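Here is the structure we will look at, set down as structure tokens.
Laboratory data are not the source of any read-out in this text; all were calculated from the coordinates shown. Computed from a predicted model, the values in this text were never measured in an experiment. FYI the Cβ positions are ideal-geometry reconstructions off the backbone, even for glycines, and counts take in every protein chain you see.
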Amino acid sequence: MTSSLEQALQYAHDNQSLFLDQLKDFLRIPSVSTDPAHHPDMEKAARYLVSRLEGLAFTHIQIFPTAGHPVVYGERLAAGSAPTLLVYGHYDVQPAEPLELWQTPAFDPQVRDGLLYARGASDMKGQVMAVLSALETLIHLDQLKVNIKVLFEGEEEIGSPNLDAFMREHKALLACDNALNPDAGMVYPDRPVIVYALRGLAYFELRLHGPSHDLHSGLFGGLVHNPAQVLCELIAGMHDAQGRITLPGFYDRVRPLPAEERAQLARDAMGEAFHLKQAGVSQLWGEQGYSPEERLGARPTLEVNGLLSGFTGHGSKTVLPAEAMAKISMRLVPDQDPAEVEQQLRRYLESHAPASVRWELEEMSSGPASITDLNLPATRALAAALETVWGKAPQLKREGGSIPVVASMQTILGVESVITGFGLSDDNIHAPNEHLNLANWSRGIDALVLFFTALGK
Ligand code: BES
Ligand code: MN
């Protein structure tokens, strides 16, 4: 390692508590994108990022309004022919509810046993601040030789509904060689990760309307089809006994998994016990004929995310409900088209929903899957940087979660993303007591220092 790199890592370590304070400031802003009550906090979070970029002497810093929450942009272009890296991040977070399950308040960041607890600590304000901390290190020492552009959105956790339009409008501004997307995460603390495939998402609300008003279940039960029952029957029919999804044509475009990739996934398999423990279940479930890793990363799924109908209060009420609602989403794999999947769901409902109810289907958010070429110079540079810091080559992972911008950058900008992250799979993201392992975070900052340096060579 060169002495200037050693100096940079030393600077990053010496400033760890400053970087942590900055992250805590960011985490105190409750930027919950889905909740209109938090709209002012979205502006606040965007302005916080602007002030950090100003501190790093970025140029062309702008808050771009969108039809939803604003996009923050800035750049720091080194002279010469160095490559340009577009760093993606999101400043929005998931709602903190149920609040009573948090040991300390979600937006009052606190460190316990080396873990920083707060909504967004892992997903993904910690990742955004790891990037800014690494940049601060190199900028302070005048060692940043790669061109950096940053794009921070405020709507990832609601499916990035306005980001495609923004990118289409600002293609020239966003021109770059590669993107860095640190919105993924690791499985084990001692093994870094590079993600090369993400699942897409198609999310729907299905509403069934039965009788014109709630009915007495004694006076009408046996006469009127209960929409709650119909909803359950429809949902039950969406999987067969082998755990396969029954929507017509659902698997038509799903790519078969090549044998070499199956072997690779098997080599990195976490093992059944790992999944049982993480999920807190005594038995796994899923599509027959595929391993847990294949089912998570390379096979599409359909989940019921929520159900609502009838009486759910204390005690009992004999009612035959007028309506029933379900939130249903599919995780998609490469080549599945969210618009086609909507048609498949509609065809399923057309052929299976009885005439006794009226149904409505509303699309909530959608985005296709993505798969990334691992042979990019930027990917190799990141792999080398991660290996230097962790002493282990990164696990190459197919991710079950979704980051819609990755596919959008491919199709709109023609840009491939290098995807990583320094959170862990038990960080409780989207759940109470979300936290970030600070030792791991600090290793992530080191790796980013090495990565940015290598790209500037
Ligand atoms: N950062 C996550 C996705 C993620 C988590 C990737 C862990 C890899 C490892 C992201 O913020 C997220 O939760 N995305 C949503 C997207 C949806 C709302 C379109 C998801 O996957 O549910
Ligand atoms: Mn995220």
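First select every other residue whose beta carbon is under 13 angstrom from the beta carbon of Asn226; then total the charges, Lys and Arg +1, Asp and Glu -1. Please list the in-between numbers first.
Working: positive: none; negative: Asp214, Glu233, Glu323.
My count for the surroundings of Asn226 gives -3.
Grab the DSSP H runs of the chain that are 4 residues or longer, score each as -39,500 (n - 2.57), total them, divide by all residues and round the 222 nm result to the nearest 500 deg cm²/dmol. Show your work: numbers first, answer last.
Working: 14 runs with 151 residues, N = 457.
The helix-only estimate for the chain comes to -10000 deg cm²/dmol at 222 nm.
Can you tell me the relative contact order of the range 218-311? Whole percent, Cα pairs under 8 Å, sequence separation 6 or more. Don't jump to the answer; show the numbers that get you there.
Numbers: 38 pairs, mean separation 28.5, N = 94.
Reported as a whole number, the value is 30 percent.
Assuming a ≥ b ≥ c are the square roots of the Cα gyration tensor eigenvalues, decide whether the chain counts as rounded (a/c under 1.5), prolate (otherwise, with a/b larger than b/c) or oblate. Please list the in-between numbers first.
Details: a/c = 1.93, a/b = 1.72, b/c = 1.12.
Prolate is the answer for the chain, as a/c is 1.5 or above and a/b outweighs b/c.
Please compute the modelled spin-label separation between Glu340 and Leu307, points set 7 Å along Cα→Cβ, answer in nm with one decimal.
Here the modelled spin labels are 3.1 nm apart.
In percent, what relative contact order does the chain have, based on Cα pairs under 8 Å that are 6 or more apart in sequence?
On the way: 903 pairs, mean separation 121.6, N = 457.
RCO, the chain: 27 percent.
At a Cα cut-off below 15 Å, give the aspartates and glutamates reachable from Lys145, other chains included and same-chain residues fewer than 8 away excluded.
Of all the aspartates and glutamates, those that pass the test against Lys145 - Cα under 15 Å, at least 8 places apart if same chain - are Glu75, Glu136, Asp177.
Take the alpha carbon gyration tensor of the range 120-192, find the square roots of its eigenvalues, order them as a ≥ b ≥ c, and report rounded if a/c is under 1.5; if not, report prolate when a/b exceeds b/c, else oblate. Spell out each step's value before the answer.
Working: a/c = 2.09, a/b = 1.12, b/c = 1.86.
It comes out oblate by the Cα gyration axes.
Quick check on packing: order 81-93, 126-138, 102-114, 185-197 by the mean number of other C-beta atoms within 10 Å, highest mean leading. Kindly include the intermediate steps, with their values, before the conclusion.
Numbers: 81-93: 22.2, 126-138: 25.2, 102-114: 15.0, 185-197: 19.8.
The densest-packed peptide leads the list: 126-138, 81-93, 185-197, 102-114.
Expressed as a fraction of 2.2 N^0.38 Å, the rule-of-thumb size for a compact globular protein of N residues, what is the C-alpha radius of gyration of the range 1-137?
Details: Rg = 16.5 Å, N = 137, 2.2 N^0.38 = 14.3 Å.
In units of the globular-protein estimate, the range 1-137 measures up at 1.15.
Sort the following peptides by mean Cβ neighbour count (other Cβ atoms within 10 Å, averaged over residues), highest first: 294-306, 239-251.
Details: 294-306: 18.5, 239-251: 14.5.
Answer by packing, highest mean first, reads 294-306, 239-251.
Given the options Tyr11, Ile328, Gly210, identify the residue whose Cα lies farthest towards the positive end of the charge dipole of the chain (+1 on Cβ of Lys, Arg; -1 on Cβ of Asp, Glu).
Value computed over the given set: Tyr11.
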